[in-house]
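The values are calculated or read from the model by the stated rules, or taken from the named source; none is laboratory data. Computed from a prediction, not measured in an experiment: that's the story for all the values here. With ideal geometry, Cβ positions are generated from the backbone for all residues, glycine too; neighbour counts draw on all protein chains shown.
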Amino acid sequence: MISARYLCNWIKEAGRGHVTAFLSWGGFSIYTAFAIFGLKNDPYFTLFGVGSASLLYLCMGLGILAAAAGFWYLKQPVMLDFYYSLPVKKEVIFWSRYIHGIWHVLVPLYISMSVCGIYECSVNQGFEAYAGSYVLKSAAMFSMVFFIFYHITIVSFLAGGRIVTVLVLFAAFTYGGQAVFQGIGKAYAVYFFRTFYRIPALETMKEVLTPRQLSGKLTGAFIYDKKEALDYVPGKEDVLAALLWILLFAVLIVCMERRRKVENVGKLFAFFAAERVFVFFLSVVPALLFGNIVMGSGIVLVFLFHILAEFFIERQGRKLFRRKWQMAAECMIVLLVTWGFSAGARFFDGFFPERNEVDAVRICVNGVDMTQEEYMKNSFGKESYETERKLEQYKFTEDGLREGLLWIGSLKKKAQNTDKQGWKYSFATVCYQMKDGRMRYRVYPVDEEDFQAFSMVFETKEYKEKAYPALLWEDVGDNRFSWKDGVRSSQILKLTKEEKEEFLETYKKEVLGFRMEELKSAAPAGIVEMNSEKWGEKEELLIYPFFEESYAFLKRHGEIKEELLDYPVRSIKVTENVSGRKGKGYVKDGHAGGMKVEHYETKEELSQWRGRLIWEELDVQPLLYPLGYRSRIEAEAVEPESGAVVKVKCCEKMKE
Amino acid sequence: MIQVENVTKNFDSICAVNQISIEIPDGCMFGLLGTNGAGKSTLLRMMAGVLDCSAGRILYDGEDVYENPVCKASVFYLPDMPYYFPNTNLEEMVRFYRRHYTGFERENAAYMAGLLNLDMTLPLRTFSKGMKRQAFLILALCSGTKYLLCDEVFDGLDPVMTEAMKELFRSRIKECKLTVVAAAHKLKDLEDICHNIGIMHKGGVLRSGDMRERSGNVVKLQCVFGGQRDMREELEKEIQVLRYEKDGYFTTLVAKGDKKEILERIKRKAPVFVGEIPVSLEEIFMAEMKEAGYDIRKVFM
């Protein structure tokens, strides 16, 4: 009867303000122009789809803006009177705007992806093989990102009666997962679980319930390598989580659209249930969040936050206590969560798998086979890149697993009765790779006795293979061998094929044979770098003085110096920070701005450093062979072949 | 015909409209009168299908209006603060409404705009408050719908324009058998145009119907009594006095009852002069309300 009543006409009507179309078509035009410009200049590093952080932000932003532009009318009583008095159903107005938003974002997105894909094919022949899958993947993943944020914003507009509540709801949906699983879950785990390092399930929950992070994972926003981006396929659990977000919020939209009442516009919430849920979360989540700072105060805080939330809604003193049962339930939940973590600590800290339950164990002992820098960056219970890298490297499945579990078993027993002092010496971060695929991380204190006991793991073949990967190299006759010790950065060792094989065999034998205890006797004398011509790989072989045969071999075949001062050293500069300024003047004599600099240049001065200097890169056993870093030492040595002056950063031997 | 049957609207604990039942016949103008917050706008929004009733129903020719586009096609609602698209002009609004109301009279709208000196190409945002009201009244009158609902109908119009608009309403009602429901809080706006008036107070309709018809037994007299006597107490004993005012020699009296009998009883008091003057709608209301037990001053003041 009335043509405008039909949905398609109303979709046109929804675009009256042209805001969504302007933002979307404009945004994608600019994006496409920049992407093409990037592809033209650098096709091997420019990512226009998966891996593009700017496209991720564009899709997220358009999801929010398209929803805000399309459903702004839900917040305006004047507009509602206007639209709802027209001879059309409310749902037609709503869904026409919904489709309009999708149309004006997805169409330019697909056009942009196609244009960029076609253009890249023309400038990068290597891309042709990936073009179809990459463009489709990108279109699909970025559409999902758009839908997640589009739906979240629409639900916020439907549930919130005022703009302030729309913003609060949007923030809650966007960061609620992070607050719950990181702010509460992780913080409580850190507080209650003595052996906590990581709980992957918590992290996964945080990621999938934080739309920004989930979107990043879906679209590979963290990828920089082009090849990796072209091959990138998001995890099934991420795609599933994204679909759940989209579907769950779609269901909420359908339900809310039907039940939303015009008269609720202007109230804080358009639904009574939304108000309840809001009060619940505003009471429980901050109470648990802040309760973590002062443990045990959660019960008081939940009470305060509940009253605050009620005041925020009603602004009437007499109504602050209208939901007594809910308040009681909130207190109960806070108590249960706190009690749950407290009770779960025994289970968590007491966990130790049977041998037949684990596929592998990963161990990172702080201070073993790591540089001074790595050692300093690792701190107890704190997740760090260094620890993760070591856990990746030291994965044991055979004899290392057997010995590792035995060693960890003894740590676990001690951990339950160890006070804070017990963690001071060192700690071991452990990951049990269970047969069901789960990873269970723990961190245990390591005292000196435990550290000595670690030799049972250290001396296994498996550990040595992980710590000294040269053990796995074969057929090295064609490889290039060079020596470096700080002064010489790449002195080629002129070895025949047979000598190279012989050297590696000797080295392997000595590596497999040496004991952890021996590492206390000396720092490495230098490094042999092995470069594979075939594969382009390189491996560094640490040469300890107690690798007698290998060391002797190297001395025979190269001009190997035993220590730094065997080279012609011109000077040694020692820079020390001066913390106290007790003199009359602001800067004392011999000091420059809080720094004390000393130069050693004469033969006599230099001779006192003999046997004391070690090239920084050779400091690889901070616990077994600790070196001094009280000052920064820089030696100026002359490289014999070229005569060039080389500045070598050194540390100081603590003992002879 | 519009039938409002036992309609109630609750906003949480507040009852904005309480058990209202009205029947508005076709081809008449029904005025809804009441103070701010009386429930006029809420009732109109329900009648326009914007709000759902908490109880009861609103029927147009037997059809429920809520979420019924077929029924809504015969109703045009003009709120007190009408919405218009940003940067739009009257011409564009006409085009928009034509798409929704098939009977919209485009030429008529242009004619009326010309009559009122409104430039249809100028953005509506540049119009003054009164001009905007004129523009929307034109849109309402030309919508071609059978029913027209107007909130604060002549609000913002100057007296000359109000009269012109009233004239347009009269002619449209006559020509098209238009049924108009107009809400206002000033009696003046409605008294000379509405056939029926309903008074709303605290969510309920106190009185409704054709007030002129009911004015038959209300009489307004101007008298002069000798010696400037105050006759209030004496008169009140014999006749039902609704209003008594004394200004110098002149006494103005609004009374309810049989006109002849009232005149006879006054003449018995030997007045120097007695004469009948026209009774206003307000005075009819007073009579009606007083009879119903309400103090009209509490309703309108």
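Applying the condition of being hydroxyl-bearing (Ser, Thr, Tyr) and modelled with pLDDT under 95 to the range A:18-53 and asking which residue is surrounded by the fewest Cβ atoms within 10 Å (Cβ to Cβ) yields A:44.
Across the range A:484-506, what is the total count of residues that are of a type outside the set (A, V, I, L, M) and in contact with a helix residue (DSSP H, G or I) (Cβ under 6 Å, 6 or more places away or on another chain)? Qualifying residue count for the region: 2. Against the criterion of being aliphatic (A, V, I, L, M), within 18 Å of residue A:507 (Cβ to Cβ) and in contact (Cβ under 8 Å) with a residue 60 or more places away in the chain, residue A:467 qualifies.
Taking the criterion of being within 14 Å of chain B (Cβ to nearest Cβ), in a helix (DSSP H, G or I) and charged (D, E, K, R), the residues of the range A:76-107 that qualify are A:81, A:90, A:91.
In the range A:247-271, the residues that are more than 10 Å from chain B (Cβ to nearest Cβ) and under 18 Å from residue A:70 (Cα atoms) reach residues that are part of a helix (DSSP H, G or I) and of a type in the set (Asp, Glu) with C-beta atoms within less than 8 angstrom, at least six apart or across chains, in these pairs: A:257/A:91; A:258/A:91.
When residues in the range B:110-122 are screened for being in a helix (DSSP H, G or I) and buried (at least 16 other Cβ atoms within 10 Å of the Cβ), 3 of them pass.
Taken over the range A:247-270, the criterion of being in contact with a Phe, Trp or Tyr (Cβ under 6 Å, 6 or more places away or on another chain) and surrounded by fewer than 20 Cβ atoms within 10 Å (Cβ to Cβ) is satisfied by A:257 alone.
Taken over the range A:490-546, the criterion of being loosely packed, with under 14 Cβ neighbours inside 10 Å and among the polar types (S, T, N, Q) is satisfied by A:490, A:496, A:521.
Please give the strands (runs of 3 or more DSSP E) falling wholly within the range B:1-109 in which 2 or more residues are away from every other protein chain (no Cβ under 11 Å).
Counting at least 2 such residues, we get B:2-11, B:14-24, B:29-34, B:55-60.
Looking at this structure, is residue B:236 among the acidic types (Asp, Glu) and either assigned to a strand (DSSP E or B) or touching a residue at least 60 places away in the same chain (Cβ under 8 Å) (or both)? It is false that residue B:236 is among the acidic types (Asp, Glu) and either assigned to a strand (DSSP E or B) or touching a residue at least 60 places away in the same chain (Cβ under 8 Å) (or both). Residues that are within 13 Å of another protein chain (Cβ to nearest Cβ) and over 36 Å from the mean Cα position of the chain (by Cα) occur at least once in the range A:53-72. Quickly run through the range B:141-159 and pick out the residues that are in contact (Cβ under 8 Å) with a residue 40 or more places away in the chain, over 21 Å from residue B:186 (Cα atoms) and not in a loop (DSSP other than H, G, I, E, B). Within the range B:141-159, B:147 is the sole residue that qualifies.
Suppose we filter the range A:49-68 for residues that are β-branched (Val, Ile, Thr) and free of Cβ contacts under 8 Å to residues at least 40 places away in the same chain; how many remain? Even if it seems obvious, please write down each step before you answer.
Step one: list which residues in the range A:49-68 are β-branched (Val, Ile, Thr), which gives A:50, A:64.
Now restrict to residues that are free of Cβ contacts under 8 Å to residues at least 40 places away in the same chain: none.
Within the range A:49-68, residues that are β-branched (Val, Ile, Thr) and free of Cβ contacts under 8 Å to residues at least 40 places away in the same chain number 0.
Taking the criterion of being modelled with pLDDT of 85 or more and in contact with a strand residue (DSSP E or B) (Cβ under 8 Å, 6 or more places away or on another chain), the residues of the range B:163-197 that qualify are B:169, B:173, B:178, B:179, B:180, B:181, B:182, B:183.
Selection of the range B:163-183 for residues being part of a helix (DSSP H, G or I) and at positive phi yields an empty set.
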